[in-house]
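Inspection log for the structure reproduced underneath, given as C-alpha cells.
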Amino acid sequence: MERQKENYFIYADPDKCIGCKSCEMACGLSHAGADIYTAVLAGLQVRPRNTVVQAEGILMTIQCRHCEDALCAKVCPTGAVYQAEGMVKLEKGVCIGCKACSMVCPFGAITIRTEMNEHGNRRTKKAKALKCDLCTHNSNEINEENCACVKSCPVGALSLVDYESYRKMLHMARGKEIAQAHIGKKSVGFKRGENYE
C-alpha cells in the first residue's frame, strides 16, 4: 500500500514576522479577485483567510494548518469541510454556516462571515465558513507561487511546506543550534569529562 503524503500548510516563522499584515491584505484581495485600487473603488469587502496576532510579544499569522486528522471535517454536518488532494477543503456551496468547524478548530483559523443574498433580504442570512485554501481558488495547483500571503511577505516569514520539508527544515535548524553550542563550548575551553557545575 502506497504511503499517502501529508497535507501542505503555510509555515509562519515568528522570528521573522514584523506584523505588517501584508499577508492579510494579499489574501483578502486574492479572494476578492481584485487589486487594492479596484477593491477600494468598487467598495469590495476584503475578507482574508488569515490574521496576524500578537501574543506574549511574538507576532504570528494564524491560518488553517490543514490538519491530518481535521476536527473541522469530522464535525461538519453537511460534508462541506473535507480532506482531499493534500489539504483540508471547504465547499462553500454546501456550507450552512452552523459554526461547528469554527468552534472545534484549535487554531481559531476558521471564521464565519455573513454574505448578502441576491435580493438584499436580511431576514435570512447566508453565513459561510472561510478558511485558507492555499490559494487553490486561482488555480487547482498547490504551489508557493500561487499563495498570495507567501508572495506578499516582505521579510520571507511565510512559506508553503509539506510535513517532510518542514521536518527537514526543523532538523537543519536544530543541527545548527547544536553545532553553535558545540563551537561555543570549544571557544571557552570546555573539556570532555570535566564537571562545570
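The values are calculated or read from the model by the stated rules, or taken from the named source; none is laboratory data. Quantities reported herein were computed from a predicted structural model and do not represent experimental measurements. No Cβ is skipped: glycine too gets one built from the backbone with ideal geometry, and neighbour counts run over all protein chains shown.
Residue by residue, here is whether (1) part of a helix (DSSP H, G or I); (2) under 14 Å from His31 (Cβ atoms) holds:
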| position | (1), (2) |
| --- | --- |
| Ala129 | no, yes |
| Cys135 | no, yes |
| Asn138 | no, yes |
| Ile142 | no, no |
| Glu145 | yes, no |
| Cys149 | yes, yes |
| Leu160 | no, no |
| Tyr166 | yes, no |
| Met169 | yes, no |
So Gly43 ticks every box in (1) without any contact (Cβ under 8 Å) to a residue 12 or more places away in the chain; (2) under 10 Å from the mean Cα position of the chain (by Cα) but one. Which box is left unticked? (2)
Determine, yes or no, whether Met169 is more than 26 Å from Gly33 (Cα to Cα), modelled with pLDDT under 95 and surrounded by 13 or more Cβ atoms within 10 Å (Cβ to Cβ). yes
Scanning the stretch 22-40 residue by residue, those surrounded by fewer than 16 Cβ atoms within 10 Å (Cβ to Cβ) and part of a loop (DSSP other than H, G, I, E, B) turn out to be Gly33, Asp35
Name the residue that is farthest from Ala70 (Cα to Cα), counting only residues in the stretch 123-164 that are of a type in the set (Lys, Arg) and without any contact (Cβ under 8 Å) to a residue 40 or more places away in the chain. Arg123
How about the stretch 29-77: which of its residues are of a type in the set (Lys, Arg) and touching a His at 6+ places or on another chain (Cβ under 9 Å)? Arg47, Arg49
